[in-house]
Each structure stands twice: as structure tokens, then as C-alpha cells.
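Trainee: My questions will all concern the structure given below.
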Amino acid sequence: MNLARKYLPHYTVEDYRIWKGDWELIGGIPYAMAPSPVWKHQRVSGLIFLQIEKQMENCSENCRVCQEVDWIVSKDTVVRPDILVVCGEVEDYVKTTPRVIFEVVSKSTAFKDENLKFELYQKERVNYYALVYPDLKKMRVFKLKNSRYEKVFDSDNGNFLFDIETCRFTIDLTSVWKKI
């Protein structure tokens, strides 16, 4: 065990629920969320959300898309992805593993999105993890294969088809970048 981690307090979702401000909790360690996102971040997130929402009607399973809702992973882990696609019933918070997660990456969130969340989402078997970089006008998509993420898309334009069994949707990056 890492010596520093040995002496850090270990928090739970119950602790998390009473905190003021915006936090994520990963493995019992709290991470302050960045202040409210900037215009470009929200615009990109909204445009991707709308593209997915328009295509959800074609899904035979009960799949839905949502923005910034808590996913309670375990007793000591809760995260709030920018966009997630969940199949099945959801009440107040997401408690089942999302099929797809998008994180819109900024300088202040890059380490957490590219490392901590990458490892967490891979471990929790999220089918697709998409990292969207508004400043670079780029998207990287990782697909879970044999319990490991494999990069399947890394581009600044074009389309990518997300195929999650009974639900398929495409993100048109060219359209997103044209509108920001």
C-alpha cells in the first residue's frame, strides 16, 4: 500500500451525499470538480448529447442518454460523467454500469479523465469510453475488448458508430466542430 494513501481518510457515498459543492469520489478519495464548465465545454457536450438523443428512438432496449448524473459505482466511488448512455431502469442515480461514457476534457480535468477515470471505467466494464477534446477539436474512443480498452477511433473529423448490442448511434464530429 502506498504510504501516503495509508494515512488518507477513506470516505463513502454516505459522506459524499452531505458535502457542499461538486465532488467525485474514487476509491474513497474525494476529488473536487472543476468550477462550472466553460462555454465551449458545455456546447460540445450539448451537441453530442443531442446527436445521441435523436438516435435513441431506434434502440430496442430501454437505453437512454443523460448528462451530468451521478453514477454510484460502489460504496466508496461515485462519479459524474459529462454524458452517459445507460440501458435499463434508472431511478434517482445510475447504479448499473453505463454502456457508453463521454468525458469532455479540459486542462484541469485531463489527468483525472485520461488516467483515473480511464482505469475505473475499464475496470467497471463500460463498453465505450470517449474522450472529447474541444480545444484540439478531437475525439478518442476506446472500446472494451477482453477486459481491456483498445483505441478504436482517434480523429478530428468524420463519424464514429457506437454499437452496443441492441442500440447503435453515430457521432458526427464534423457537425459538432462546425457549431462551436
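The values are calculated or read from the model by the stated rules, or taken from the named source; none is laboratory data. All values derive from a computational prediction rather than experimental measurement. Because the Cβ atoms are built from the backbone with ideal geometry, glycine has one as well, and the counts that use them run over all protein chains shown.
Trainee: Looking for something more than 22 Å from residue 36 (Cα to Cα) and either assigned to a helix (DSSP H, G or I) or not basic (Lys, Arg) (or both) - is there at least one such residue anywhere in the stretch 98-111? I'd like the intermediate steps shown before the answer.
Mentor: Residues of the stretch 98-111 more than 22 Å from residue 36 (Cα to Cα): 98-100.
If we keep only those that are either assigned to a helix (DSSP H, G or I) or not basic (Lys, Arg) (or both) too, we end up with 98, 100.
Yes: the stretch 98-111 contains one or more residues that are more than 22 Å from residue 36 (Cα to Cα) and either assigned to a helix (DSSP H, G or I) or not basic (Lys, Arg) (or both).
Trainee: Hey, another quick one. Here is a list: 88, 21. Which entry is surrounded by fewer than 16 Cβ atoms within 10 Å (Cβ to Cβ), under 26 Å from residue 166 (Cβ atoms) and free of Cβ contacts under 8 Å to residues at least 60 places away in the same chain?
Mentor: None of the others qualify; the one that does is 88.
Trainee: Being among the small types (Gly, Ala, Ser), more than 20 Å from residue 109 (Cα to Cα) and either within 17 Å of the chain's Cα centre (by Cα) or surrounded by fewer than 17 Cβ atoms within 10 Å (Cβ to Cβ) (or both) narrows it down to one residue among 36, 60; which is it?
Mentor: Just a single option satisfies the conditions, and that option is 60.
Trainee: Being at pLDDT 95 or above, loosely packed, with under 12 Cβ neighbours inside 10 Å and among the small types (Gly, Ala, Ser): is that true of residue 147 here? Don't jump to the end; show me each part of the working.
Mentor: Numbers: at pLDDT 95 or above: yes; loosely packed, with under 12 Cβ neighbours inside 10 Å: yes; among the small types (Gly, Ala, Ser): yes.
In short, yes.
Trainee: Among the numbered criteria (1) in contact with a Phe, Trp or Tyr (Cβ under 8 Å, 6 or more places away or on another chain); (2) touching a residue at least 60 places away in the same chain (Cβ under 8 Å), which one does residue 106 miss?
Mentor: (1)
Trainee: Mind listing whichever residues of the stretch 121-180 are free of Cβ contacts under 8 Å to residues at least 12 places away in the same chain and part of a loop (DSSP other than H, G, I, E, B)?
Mentor: 146
Trainee: Conditions: (1) more than 28 Å from residue 179 (Cβ to Cβ); (2) crowded, with 16+ Cβ neighbours inside 10 Å. Residue 100 meets all but one. Number of the miss?
Mentor: (1)
Trainee: Moving to a separate point now. Looking at the stretch 64-83 only, could you name the residues that are part of a strand (DSSP E or B) and farther than 15 Å from residue 27 by Cα? Quick ask: steps written out before the conclusion?
Mentor: Taking the stretch 64-83 first, the residues part of a strand (DSSP E or B) are 64-67, 71-74, 77-79, 83.
Selection gives 64, 65, 66, 67, 83.
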